[in-house]
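Structure first, commentary second.
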Amino acid sequence: MPSFPTLSGLPGLAALRAMVRERSILAGLAAMHKYLGDAFQITLPGFKPVVFVGPESNRHILVNGREDFRWRTESDPVVKLLRHGLLVEDGEDHACMRAVMEPTLQRSAVNGHIDAFWACTASISDGWADGETVDMLVEMRKVALLILTETVFAVDFRPEMERLWRPVIRSVEYIAPGPWLLWPDIPRPGYKKDLAVLDEYLYRIIRERRAAYAQTGKLGDDLLSVLVGHQENGEGLDDDLIRDQLLTMIVAGHDTSTALLAWALYMLGSHPEALAAAQTEARAVLSDEAPTPEQLKELTFLDTVLKETLRLYPPLPVGNRRAAQETEVRGYPIPQDNRVMFPIYLTHRDPDLWDDPESFCPARFDRSQGASTPPAFAYIPFGGGPRNCIGATFAQVEAKAVLGRILHDYDLQLLPGAVHSHMGTTLEPRPGVKMRVRRTTKNEPQRHEDTKKSS
Ligand code: HEM
């Protein structure tokens, strides 16, 4: 059996330099990929993950050999935070919870949320003064949070936005890659209070939904209601387990969409022809009314922009698993419990799979212009197999509605300034996406002071 190549000497130094120069762990991984190929091992004290790049290993880890891998690692902050949330469960517990949650995020349910996607976008963008410069990384987080809570929990988050802004951000920061990867038990001071505030909110909305159900005997078809109403063998889900799913949705369902929306606006802002084409399309297809699912489907250019943005900046750039038992991938032996990484970001930029991979080129996804379909598992922004993203349809329809509305209502100008990709919990454009916004439609903008203050 082959043994994993590892970095040392000059290439090791080059990888380190790339990481420091580009302020990105991904740059280091990219350099290792370049020097070592599609399978390699990182050898730091206490951190020795094996790394696989490419469709063959993606398919193996996500589908064919998935039983050999698990998600849950008790020492990881994501497990400490989400406890028994869908994202971090394995085996039967995962399959059962997924079956309960999945119907609430299917296409028919998502299509029913388009009005909310449209209205939540306006309730943030109406706060932009004409000609004002806004940071789209912040604004898109507000939009994504409002949308997630209004549709998946069926609550009005507006009155809570300012109070819970910091707790939400801190919950996301708590699970971002950091020194805990090398020292799992490293103290994490400074989170307790914020996480408790978020928990208090989640337990409160669960209690309120139970009380409303007890009073009316009625529940909606949003996820919170479905979890509150779920019965198995005569028993319901307890508050702790429901809290775990709600927090999972907040973390997995808004931070990713924030990153996609902010990067897509950055890509459009830095490619004026693409921005003009997307605006022309949005203004031809959409009106002041919330769009129908068919109208969103007609936004074919915007669709290719989103796909290309997800290729270049997959919000979850690196997939992670643990070997559940001794196993092998592409002939390489992996000891039980070893961390296994599959950087989606590197597969998406592999020159063996993509022409001119570093360029922003929406046309590569334009099937009407003869673009070819990428090989299976070469393009996996939403993962793959039985634990692919449960919110994939939601996220794509949401992104089209939100960006469609902004492109329809505003002229946008990206302000100059360096932007780099920061690998926190998701891959974010830092320090932000500053855009000047000019209203082109006649609706008078109204200022929403409560949501403006959050930035
Ligand atoms: C652009 C937006 C999004 C991207 C790129 C994205 C990406 C992903 C990826 C790659 C995975 C698989 C992780 C793995 O295999 O380790 C995943 C899982 C998940 N996503 Fe998303 N996601 C997005 C939006 C959403 C939304 C909007 C929701 C909820 C409404 C959501 C909820 C989840 C959950 C709960 C899981 C765990 C599924 C499971 O383990 O069965 N995501 N996501």
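Data for the structure
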item	result
The range 215-283 versus the range 124-190: alpha-carbon centroid distance in Å	13
FRET efficiency for Glu162 and His230, using Cβ-Cβ distance with R0 set to 30 Å, rounded to 0.05	0.40
Additional length obtainable on full extension of the chain from Val197 to Lys34, 0.36 nm per residue less Cα span	54.2 nm
Tail fraction, Cα-Cα pairs, the range 325-455, threshold 26 Å, whole percent	47
Relative contact order (percent, whole number), the range 331-387, Cα cutoff 8 Å, 6+ residue spacing	28
Under 25 Å from Lys48, Cα to Cα: lysines that are on another chain or at least 8 residues apart	Lys34, Lys80
The chain: DSSP helices with Cα axial extent of at least 27 Å and average Kyte-Doolittle hydropathy no lower than -0.5	239-269
Gain upon complete extension [Leu13, Glu289; 0.36 nm per residue less C-alpha separation]	93.8 nm
Principal axis dimensions, largest first and in whole angstrom, of the range 124-259 by Cα	51, 48, 22
Unsatisfied cross-links (Cα-Cα over 18 Å) in the set Lys297/Lys400; Lys142/Lys297; Lys400/Lys442	Lys142/Lys297; Lys400/Lys442
5 Å-binned pair-distance histogram of the range 53-164 (Cα, whole percent)	2, 9, 13, 14, 15, 15, 14, 10, 6, 2, 1, 0
Within-12-Å neighbourhood charge of Arg339 [Cβ basis; K, R +1; D, E -1]	+2
Alpha carbon centroid spacing (whole Å) that separates the range 1-48 from the range 352-410	28
Ratio Rg/Rh [Cα only; Rh per Kirkwood] for the chain	0.96
P(r) histogram, all alpha-carbon pairs of the range 252-373 included - 5 Å bins from 0, percent	2, 10, 14, 17, 17, 13, 9, 7, 5, 3, 2, 0
Cα gyration tensor, the range 235-301 - rounded (a/c under 1.5), prolate or oblate	oblate
Formal net charge of residues neighbouring Pro5 (Cβ-Cβ distance under 15 Å; K, R +1; D, E -1)	+2
Backbone N within the range 38-52 under 13 Å of label point (7 Å from Trp183 Cα along the Cβ vector)	46
Phi-based couplings in Hz for the range 42-57 (Karplus 6.51, -1.76, 1.60; Gly and Pro marked x)	8, 10, 10, x, x, 9, 10, x, 9, 10, 10, 10, x, x, 5, 6
Helical mean residue ellipticity (222 nm; -39500 (n - 2.57) per DSSP H run of 4+; nearest 500) of the chain	-15000 deg cm²/dmol
Residues listed by number, the range 380-394, amide nitrogen under 19 Å from Cys96 label point at 7 Å toward C-beta	387
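Only the coordinates and a few stated rules stand behind these numbers; no lab work does. Worth saying up front: this structure is predicted, and the values here are computed from it rather than measured. Neighbour counts run over all protein chains shown; Cβ positions are idealised from the backbone, glycine included.
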